[in-house]
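Undergrad: Please read through the structure below; I'll follow up with questions.
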Amino acid sequence: MAPPPPPPPRLLLASHAAVRAAASARRGRLAGDHHPPQVAALRRGDWVKLICGASFEDAADVRNLSLVYTLAGVDCIDCAADASVVGAVNEGIDVAASIVPSVQSPWVMVSVNDDCRDLHFRKAEFDPEDCPPDCSKPCEKVCPADAISLERVMIEGKHSQSDPSSGKLEGGVITERCYGCGRCLSVCPYDRIRAMSYVRDPTKTVELLKRNDVDAIEIHTTGKGTDMFNTLWSNLGDSINNVKLIAVSLPDVGDSTVNFMNAIYTTMQSHLQGYNLWQLDGRPMSGDIGRGATRETVSFAVHLSSMSNRPPGFYQLAGGTNSYTIESLKKAGLFQSTTFAATSGVTYCQQAFIGGIAYGGYARKFYAKYQHNLAMHALRTTQIISWKRYKKLYH
């Protein structure tokens, strides 16, 4: 049987003003709720976050990712702290609502960093004129974001397919698509590719947090000290009060991890008016590799679960998360296991220790298979990626 045709363009391009008005009404109702559905998901342990990429700025792809995964039922969409990218996320959410009016709007989260050494905030860069024209272009083949494009061209009409050394390479890194995974760095046979790191401008982040279509912020920190985190927190000022959720993404730095987290929590506590979340970033940007990639983030969770002095807040896995993560959590006895927690003097009822999972590379890789027929495959995406689907399978 032939697959159903994709939705007509006019459906995907429904009156944006009407869709935006409907989305604003939904967000208004959400703001008035005492217990937002996203928080209920964290408490149950079935929160799902889509990571578009802290450095991924291809607005068209971000829009389509947001459309598909809103239809799939994610609770949050995490994106680069860039106005055009935030706009693309919200456009995708709004179009999803025009297709399925009852769909729940996910929270929109922007990601920033306090340290240029964070792997999520870098771009690959190289000059194609430095590349030998007969290079086999392994960087182009290994890039999961299709962010490298190289083409051989003629020199004075002498280039021939049989003699590539007589031509040259043009193109290079498509900056807005590169999200800093670093896989191209190790495969370049001539060591010509560099990683260019950066820090998001806090003044632009402040402006983003004033928008009514940004619900959360995630601060990436390297765990190498609190000074830079404190500086960024100070620069964000009162704008932090505009969001519903503040997340901190950090790696496992061993025995000092919990002390580091508690120091950060002390900094945040005076301005913490909403909810807070700790993102346990095991093996960054590796979820699309395979089963072994998820071990580090689950080990991180196991480590913290044994620490009685861990700070309050919700906990979520990231970095290497894929279809094996739930299985690994179950083997560790952490899938929807419960704990008691207190934040800002409020004691919550029994809740899951791991509140949810964030999917990045794995989610983008799955979407890439179906990006030319978004609506038709939204349900399939739900079945594959949604933690809620896994819960049904395991119970």
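Undergrad: From (1) within 30 Å of GLU91 (Cα to Cα); (2) in a helix (DSSP H, G or I); (3) in contact (Cβ under 8 Å) with a residue 40 or more places away in the chain, pick out the condition that doesn't hold for TYR179.
TA: Against the list (1) within 30 Å of GLU91 (Cα to Cα); (2) in a helix (DSSP H, G or I); (3) in contact (Cβ under 8 Å) with a residue 40 or more places away in the chain, TYR179 comes up short only on (2).
Okay, residues lined up against (1) in contact with a helix residue (DSSP H, G or I) (Cβ under 6 Å, 6 or more places away or on another chain); (2) surrounded by 16 or more Cβ atoms within 10 Å (Cβ to Cβ):
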position	(1), (2)
ALA301	no, yes
ASN322	yes, yes
LYS331	no, no
PHE335	yes, yes
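Undergrad: Can you name every residue in region 120-153 that is in contact with a Cys (Cβ under 8 Å, 6 or more places away or on another chain) and not basic (Lys, Arg)?
TA: ALA124, PHE126, PRO138, CYS139, VAL142, CYS143, PRO144, ALA145, ALA147, ILE148, LEU150
Undergrad: Hey, another quick one. For the list (1) surrounded by 15 or more Cβ atoms within 10 Å (Cβ to Cβ); (2) within 22 Å of ARG43 (Cβ to Cβ), I need the number of the one condition that ILE240 fails.
TA: For ILE240, the failing item is (2).
None of the figures in this text is laboratory data; all of them are computed from the coordinates on show. This one's a predicted model, so the numbers in the text were calculated from it and none came from an experiment. Quick reminder, even Gly has a Cβ in these numbers, built from the backbone with ideal geometry, and neighbours come from all protein chains shown.
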